Amino acid sequence: MGQQYQQILVPVDGSIQAELALKKAVTVAQRNHAHVDLLNVLRINHYGFYASGSMPGSVIHELATDATSYLTSLVETTEAATGFTDLDIHVRFGNPKTVIAHEFVRDHQNDLIMLGATGMSAVARMVEGSVTAYVSRMADVDVMVIRTDEAGNPVDTKQVAVKNQDQPKL
C-alpha cells in the first residue's frame, strides 16, 4: 500500500520553483484528499540595514501584509485553476531552515514537505547554505524536492534564475 499524506507543507518564497512545488502539491493533495499549508517565512533580522539591529514595527507589518497578499493570490489562482480549496496560508518570522524543517511541521502535524530545489537568493545559498538542502537533511517528515515541471521535464535552473529576478521579493 502506498503512503497516504494528509498534511502537506509547501513553503514559498516568490520563486518560480516554489510555485511549481505548489502546483505539484495540489496534485498530490487531490489524490490523497489531503490539506495543504502554504507558508512564507519572513527573516526580519536578515535585513541588517538598521543600526540597532531591529526593524521598526511598521516595516515588519508591511512585510507581513505583502507576504499575506502574495499567499492569498496564490490560493486564489490555485482554486480557480484546479478547484482545490483545502489550503491555508501562514506567515511566520524566523530562520526559514528551522521554521520549515522543525517548528511549523511540529505545530501543524505535517507529514510531507514539498519545496522547490532552489529559491530566490543565490547569494544567500552561497553564504548560508540552501534552505532546501537543510530541510531535506534535517526534517523528521518526508521531503519532496521539486526538480521537474508539470510535464516531468527537468527545470532549466539558469532560465529559472533569470525569471526569479523578475518575481516580487518576499
*asked:* If a residue counts only when it is modelled with pLDDT under 85 and open to solvent by 50 Å² or more (accessible area, probe 1.4 Å), which helices (runs of 4 or more DSSP H) contained entirely in region 58-170 have at least 2 such residues?
replied: 122-128, 157-166
_I'd like the full set of residues that are touching a Gly at 6+ places or on another chain (Cβ under 6 Å) and in a loop (DSSP other than H, G, I, E, B), limited to region 1-24._
D13, S15
*Tabulated pairs, region 11-35, first in contact (Cβ under 8 Å) with a residue 60 or more places away in the chain, second among the acidic types (D, E), C-beta under 7 angstrom, 6+ apart or interchain*: V12/E19; L20/D149; K23/E150
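The values are calculated or read from the model by the stated rules, or taken from the named source; none is laboratory data. As the structure is a prediction and not an experimental result, all values here were calculated from the model. Every residue, glycine as well, gets a Cβ built from its backbone with ideal geometry; the counts of neighbours run over all protein chains shown. These area figures cover heavy atoms from the full protein model, side chains too; ligands, DNA and RNA do not enter into them. Shrake-Rupley method; radii C 1.70, N 1.55, O 1.52, S 1.80 Å.
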